[in-house]
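Taking it in order: structure first as structure tokens, then the write-up.
The values are calculated or read from the model by the stated rules, or taken from the named source; none is laboratory data. Not measured: the values here are computed from a predicted model. Heads up, the Cβs are rebuilt from the backbone with ideal geometry, glycines too, and the neighbour counts pull from every protein chain shown.
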Amino acid sequence: MPKKQKNTTEVRRRAAGQWAVAWRRFKRNKAGVAGLAMVTVLVFVAVFNNLLAPYPVRSDPSGKAFTPFYRGETAQPPSAMYPFGTSAIGTDVFSDVVHGSVWAIYVGVLVTVVTMGLAILVGSIAGYFGKWVDNILMRITEVFLVFPSMLLILVFVRVFSLSAQEGGWQFLGIGVPPGLTIVILILGVFNWASNARMVRGEFLRVREQEFVQAEKALGAGNFRIIFRHVLPNILSSIIVVGTLTIAYAILLEAAVSFIGFGDPNTITWGQILQENFSEMRTVWWAEVFPGLAILFSVFGFNLLGDGLSDALNPRLREA
């Protein structure tokens, strides 16, 4: 076997062994396993929302989502017919919460993709090249860290959401809500800075290791070193931070929608809280159950992130 092919095989086996060890560590972490179970439940509910919800989404042209309203059963407490009760406008809260799980996953994943994409781009360039490139990019990062991000988010959400058309965009045959998508993009743009500093720190650590210096001595290009050697070695940290970012994104979108800056055409958990807030004393269940859904999701992703952090920590050793 040629030497280069042999070395490549050994690297692949070592990488596979590291992930196997991480999985064994993760299975011993009860909190992490509980978080994985909670996230699995959330994903299951989101995927099969149309089967689990007794009533369709509010945008359904049949109008069946407002069946409780037509029956005169508005603001009904939890019962056998309505497990989570009915809302102040006459919808089934259980159905709204189930359908809202789809947008919770949508928000969490897309915000994380935007946030981590920008963080990896800025952090990797700053950490790998250093010098004046690092100084310029870190000064820009500090600007995003210093500015009151929540205030800027609300301003930009209001400005851009007013220009969003009602209905939906079509992407690969799937309806995408324009207002919520704009909110997501703005959330991602204003929350990448802290993650970029983490990525930069990891690049500064890995780029000084012997195997990276050996690749440079052999004449490997910067692109190859970054994507074939440095990024794979910090992938565990990116996975952990990305998992925690999903939880933060779900909570942040709920806060933005709750104070009235979300997409009114998309029923997210924060939107449910906002539209029933004025009737909270009499329709408390319409606030409690969406709030519990947010708590369940955020808690699940945080537990999963903590479990992954312990399992993927390179400083830990197999007992």
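Any residue that is more than 23 Å from VAL298 (Cα to Cα), among the small types (Gly, Ala, Ser), surrounded by 13 or more Cβ atoms within 10 Å (Cβ to Cβ) and modelled with pLDDT under 90 - is there at least one of those in region 38-59? Yes: region 38-59 contains one or more residues that are more than 23 Å from VAL298 (Cα to Cα), among the small types (Gly, Ala, Ser), surrounded by 13 or more Cβ atoms within 10 Å (Cβ to Cβ) and modelled with pLDDT under 90.
Hey, could you check region 258-285 for residues that are part of a loop (DSSP other than H, G, I, E, B) and hydroxyl-bearing (Ser, Thr, Tyr) and say which is surrounded by the fewest Cβ atoms within 10 Å (Cβ to Cβ)? Among them, the one singled out is THR282. Scanning region 280-293 for residues that are out of contact with any Asp or Glu (no Cβ under 8 Å at 6 or more places or on another chain) and touching a residue at least 60 places away in the same chain (Cβ under 8 Å) gives THR282, VAL283, TRP285, PHE289, ALA293.
For region 226-240, state whether one or more residues are more than 20 Å from ARG197 (Cα to Cα) and buried (at least 16 other Cβ atoms within 10 Å of the Cβ). So far as region 226-240 goes, no, none of its residues is more than 20 Å from ARG197 (Cα to Cα) and buried (at least 16 other Cβ atoms within 10 Å of the Cβ). Filtering VAL111, VAL107 for residues that are at pLDDT 85 or above, crowded, with 20+ Cβ neighbours inside 10 Å, under 13 Å from VAL189 (Cβ atoms) and under 18 Å from the mean Cα position of the chain (by Cα) leaves a single hit, VAL111.
Taken over region 198-211, residues that are more than 22 Å from MET116 (Cβ to Cβ) and either of a type in the set (A, V, I, L, M, F, W, C) or part of a helix (DSSP H, G or I) (or both) amount to 2. Evaluation of ILE89 against the conditions (1) crowded, with 20+ Cβ neighbours inside 10 Å; (2) part of a loop (DSSP other than H, G, I, E, B) shows that the sole unmet condition is (1).
In region 87-103, the residues that are within 13 Å of GLN271 (Cα to Cα) form Cβ pairs under 7 Å with partners that are among the β-branched types (Val, Ile, Thr) and assigned to a helix (DSSP H, G or I), at six or more places apart or across chains, as follows: SER87/VAL93; ASP96/ILE272; GLY100/ILE272; SER101/VAL45.
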